[in-house]
Amino acid sequence: MAEEERSAAQLKKERTSAKSSFSKKSAFMLRVAPSMVKSELKVQWQAFSNEAEKLLAANGNYEEGLLAEAEEDSTELSEQQTGDIEKVSKDCMTKLSEVGDLVKCHLWSRHGERRVSFAIGEAERAKEETEGVPLGQLDHDCHERQLHHLEELATGAEKELSVWRDWALVAAIEDVERRLHRLMSSKNKLRRDRDAEIGKA
């Protein structure tokens, strides 16, 4: 039994160490994230996420150690022990979310929003130009070239947003998602109209 107690005690020490590392990394991220460039933010966010995983794993291991001792003694974990384990897990997830929101806010506002808005804007201008080319004119190739250009730009805008979607707060990308949705709908309608016109020929 003494060996089991030492094992649980060691697991608690490991959790304490993981908690300390996580707290230091959290403070670091909150302090310097606003001044980091995109590449640094992504690297540091991954490192911070790894620290969170280590803490959650250490907390789980500690719980398993306590449960093993309790089973040996035919008892259950105390409310204090259960509450402590739950608190560490909850605090970790809360801080992970807080830092994650901060990272996403800075990445999106300083990098992603500009790139995605530019890509959608280029496609929107191509849409307007395509709409300005009459379907019934003699030079059908002109309309097809313009429509193909629009489709390429729309696909590019869609890909650009997909790259940044995981690096932006949901509320922050609602506007560009609406713009992209309208763009794709217009693009699809132009293609349908084009195909229908060809079918008449």
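Throughout, read-outs are computed from the coordinates displayed, never taken from laboratory work. Just so you know, these numbers come straight off a predicted model, no measurement behind them. Cβ atoms come from the backbone with ideal geometry, glycine included; neighbour counts cover every protein chain shown.
Observations on the model:
- The range 51-142: translational diffusion in µm²/s, Stokes-Einstein, Kirkwood Rh over Cα pairs, 20 °C, 1.002 mPa s: 115
- Per the Cα gyration tensor, the range 127-169 maps to an equivalent ellipsoid with semi-axes of 31, 9, 4 Å, ordered largest to smallest.
- The chain - convex hull of alpha carbons, volume per residue in Å³: 156
- Listed values for the range 97-111 are Karplus-derived 3J(HN,Hα) couplings in whole Hz (6.51 cos²θ - 1.76 cosθ + 1.60, θ = phi - 60°), namely 5, 4, 5, x, 5, 5, 4, 4, 4, 6, 5, 6, 5, 9, 9, and x replaces Gly and Pro.
- Summing +1 for each Lys or Arg and -1 for each Asp or Glu among the other residues whose beta-carbon sits under 14 angstrom from that of residue 148 gives -1.
- Kirkwood Rh, Cα atoms: Rg over Rh of the range 2-106: 1.11
- Anchor residue 42: lysines whose Cα lies under 16 Å away (excluding residues fewer than 8 positions away in-chain): 25, 104
- Ordered by the number of other Cβ atoms lying within 10 Å of each residue's own Cβ, fewest first, 29, 36, 93 fall into the sequence 93, 36, 29.
- With 0.36 nm allotted per residue and the present C-alpha distance subtracted, the residue 158-residue 39 stretch has 40.6 nm of extension available.
- Given charges at beta-carbon only (K, R positive; D, E negative), |dipole| of the chain in Debye: 1140
- The three principal axes of the C-alpha atoms in the range 128-201 carry coordinate ranges of 48, 19, 15 Å, sorted with the longest axis first.
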